[in-house]
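Just so you know, all these numbers are worked out from the coordinates, no wet-lab data involved. Note that the structure is a prediction, hence the values are computed from the model and not measured. When we count neighbours, we look across all protein chains shown, and the Cβ atoms used for this are built from the backbone with ideal geometry, even at glycine.
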Amino acid sequence: MILKKIKYIAVLTLIATSALAGNRDRSGQSGAGELLFNPWTRSSGMFGLNGSYVSGIEAMKLNVAGLAKTERTDVGIAHTRYLSGTGMSISNVGLAQNLGDVGVLGVNIMSFGFGEIPITTETSPEGGIGNYKPSFLNFSVGLGHSFSKNMSAGVSATFVSEAISNITASAIAFDAGVQYTNGKRDNLHIGIALRNIGSNLRFSGDGFSFNGTSPDFAKQLTVQSRSEKASLPSQLNIAASYDFYLDENKAGESEKPQHRLSAMASFVSNAFNNDWLGAGLEYAFKEKFMLRAAYRYENGIMEKQKSTTLYTGISAGVSFQTKLSNAEKAHAIAFEYAFKPTNIAGGVHVLGIKMSLAKQSN
């Protein structure tokens, strides 16, 4: 049975890999680049390398199969200071609800803030005629389902909206993922996710209109210029991790060890950018205090003149989680922080609060 599941995962990997490949020459040519950004704190602290075991509402932005691990209700909010000092920010909120045999339903809303940008025109290149605020919104709905204790899968759809006062664009992106666990204490985790497969993004609106003249120069006309369509930034994420329980010899069969050290690695094939390869570690004490760090490599990242990313490749994060009662299955709340240094500005800072409501026994 285990071999059959592994073969299934391998076939899915081969099919997805044939459709995607990293391409440096296409960097910056996709639309809706914000789909590649993970706004959740734990995933940011691991630079998205935790696709094999991500769970709850965070799975919506990495591997939707992890939604299926939500016991009852998972709700969270996160705020990102993107490129600190530039005034850009990201606000994110999500909810995951267990629906019983149907699976787990997840909803995630991510909004970008760019502050006020001066309006400039051909006649007023220096501005001084007002400001505008771009609006970037991603609305996602997903469903995760556990087929067995070891195997879960999920699918999601994300509506993408980008707009300024006189130009808008929209698209829809689909994600699919699987997760597999095995081992004495479910130590081994494998995850595969295919993300951002969907419609093209094309801008339209009055902002593309300009005054022209008819072919005979007899009258003035309003001419509408069409923009080029852009594909979404599709990617394939393959991740694996293993949990080492440092005090396992001291813990009994039914007793959970207190010290966990998880080692993980991930490979991401991007259709419109360099491929990513990374590794990381997460230490947890009683699942109350968690410390994590990771490094994600891509071609040219160590050479500023050749690099196509603003990141240095390093990420780190910390979580403090506590139960709200002494019951074995109790509600829990977590306070989290993550940081990713960048080559420009003051890096990316992420703050988050997440609450997990446990299923109460009758």
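Helical content of the chain, expressed as a calculated mean residue ellipticity at 222 nm, amounts to -2000 deg cm²/dmol (DSSP H runs of 4 or more residues, -39,500 (n - 2.57) each, divided by residue number, nearest 500).
The chymotrypsin sites (Phe, Trp or Tyr not before Pro) of the range 200-231 meeting both criteria, a DSSP state outside H, G, I, E and B (loop) and at most 11 other C-beta atoms within 10 angstrom of the site's C-beta, are PHE217.
Against the chain, whose longest principal axis comes from its Cα atoms, helix 2-19 is set at around 10 degrees. Remark: C-alpha extents of the range 2-357 on the principal axes read 90, 45, 42 Å, sorted largest to smallest.
Over 22 Å between C-alpha atoms is what I'm after, so list which of LYS149/LYS323; LYS286/LYS359; LYS61/LYS184; LYS256/LYS359; LYS256/LYS340 land there. Violating the 22 Å limit, Cα to Cα: LYS149/LYS323; LYS61/LYS184; LYS256/LYS340. Along the Cα-to-Cβ line of GLU116, 7 Å from the Cα, sits a label point; which residues in the range 79-102 have backbone N less than 19 Å from it? Residues passing the 19 Å test: 85-89. Rounded to the nearest 20 debye, the dipole magnitude of the range 205-277 is 360 debye, with +1 charges on Lys and Arg beta carbons, -1 on Asp and Glu beta carbons, and the Cα centre as origin. Just to confirm my numbers, what's the Cα centroid distance between the range 146-161 and the range 93-111 in Å? Between the Cα centres of the range 146-161 and the range 93-111 lies a distance of 10 Å. Sparsely packed loop sites in the range 204-306 (the GluC sites (Glu not before Pro) outside DSSP H, G, I, E and B with at most 16 other Cβ atoms within 10 Å) comprise GLU228, GLU253, GLU255, GLU287, GLU303.
Which trypsin sites (Lys or Arg not before Pro) in the range 177-278 sit in a loop by DSSP (not H, G, I, E or B) and have at most 15 other Cβ atoms within 10 Å of their own Cβ?
Within the range 177-278, the qualifying trypsin sites (Lys or Arg not before Pro) (loop, at most 15 other Cβ atoms within 10 Å) are LYS184, ARG185, ARG202, LYS219, ARG226, LYS229.
Please give the contour-minus-distance gain from TYR297 to VAL141: 0.36 nm per residue of separation, less the Cα-Cα distance, rounded to one decimal in nm. Numbers along the way, then the final one.
On the way: separation 156, 0.36 × 156 = 56.16 nm, distance 3.05 nm.
Length gained between TYR297 and VAL141: 53.1 nm.
Where does each of 43-51, 271-279 land if you order them by average Cβ count within 10 Å, highest first? Don't jump to the answer; show the numbers that get you there.
On the way: 43-51: 28.6, 271-279: 20.0.
Put in order of decreasing packing, that is 43-51, 271-279.
Gain on full extension, evaluated as 0.36 nm per residue between ALA163 and THR222 minus their Cα-Cα distance, stands at 19.1 nm. Peptide packing for 79-86, 170-177 was compared via the average number of neighbouring C-beta atoms within 10 Å per residue; ordered from the highest value, the list is 170-177, 79-86.
Remind me, relative contact order of the range 2-357 in percent, using alpha carbon pairs under 8 angstrom and six or more residues apart? Please report the intermediate quantities before stating the final value.
Values: 988 pairs, mean separation 70.2, N = 356.
It comes to 20 percent, rounded to a whole number.
Based on the Kirkwood approach, the hydrodynamic radius assigned to the range 133-225 is 17.2 Å, with every pair of different Cα atoms included. Subtracting the Cα-Cα distance of THR123 and VAL93 from 0.36 nm times their residue separation leaves 6.7 nm of extension gain.
Between the range 291-349 and the range 118-135, the alpha-carbon centres lie 35 Å apart.
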